[in-house]
Amino acid sequence: MTTHSTAAADEPVVYIIDDDGSVRAAIEDLLASVGLRALSFASTQAFLANTIEDIPACVVLDVRMPGQSGMDFHRQMIELGMGMPVVFITGHGDIAMGVEAMKNGAIEFLTKPFRDQSLLDAIHHGLEKDRERRKGAALVAALQARWESLSPGEQDVMRLVAQGLLNKQIAAQLELSEITVKVRRGHVMRKMQAGSLAELVRISEKLGM
């Protein structure tokens, strides 16, 4: 699996993974009728061999397929860090299976035959959720870049400031003068683009400190 960036960054795609060609074609037609682009695959292996585009996406995934099942593949997606929302479709679902899928983060678990609108609603929800996920990931990446621009000494000060320590306490813990701590703290606020202590704390939380 490779990832490919595209200029149409806001145009989403729906990946359909189902071994039944007629089901894939029907869903493709349904999505085309509402202006959504779809790419379909007969197996999870075929999907993984495809270039995954760097755009908002949602996966419509059949539960039971020859080879790797949809449920197993969903767990693999999580292990691989593939955060795309998943909508399960199945002709042989049960309550326990649906509960497991939802616990693992699936958007919806639809039993065939399902209403077209139910599938469309689930897909639109999944695409919106993926847009938000991507925005959050981009923000964290930007904050991480700012963090890495800090010197080791400034990083030490930021960690302690985020814990609520006063300049005097930080100076004592790091064996520095209070003036040095104030200077480094000023650099931290500027480089992290934090307008207040509260904002710096929120940034620290987003970075997992």
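What follows is calculated from the coordinates using simple rules that are stated; it is not laboratory data. Keep in mind the model is a prediction, meaning the values are calculated, not measured. Every residue, glycine among them, receives a Cβ derived from its backbone with ideal geometry; neighbour counts consider all protein chains shown.
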Test set (1) free of Cβ contacts under 8 Å to residues at least 24 places away in the same chain; (2) buried (at least 20 other Cβ atoms within 10 Å of the Cβ); (3) in a helix (DSSP H, G or I) - ILE123 fails condition number: (1)
Does at least one position in the range 47-61 carry a residue that is surrounded by 13 or more Cβ atoms within 10 Å (Cβ to Cβ), in contact (Cβ under 8 Å) with a residue 60 or more places away in the chain and more than 22 Å from VAL99 (Cα to Cα)? yes
Can you report the number of residues in the range 162-173 which are in a helix (DSSP H, G or I) and closer than 19 Å to TRP147 by Cα? 2
Inside the range 146-166, can you point out the residues that are under 14 Å from MET189 (Cα atoms) and among the polar types (S, T, N, Q)? SER149, SER151, GLN155
Give the residue that is surrounded by the most Cβ atoms within 10 Å (Cβ to Cβ), with candidates limited to residues of the range 151-209 that are touching a Lys or Arg at 6+ places or on another chain (Cβ under 7 Å) and not polar (S, T, N, Q). VAL157
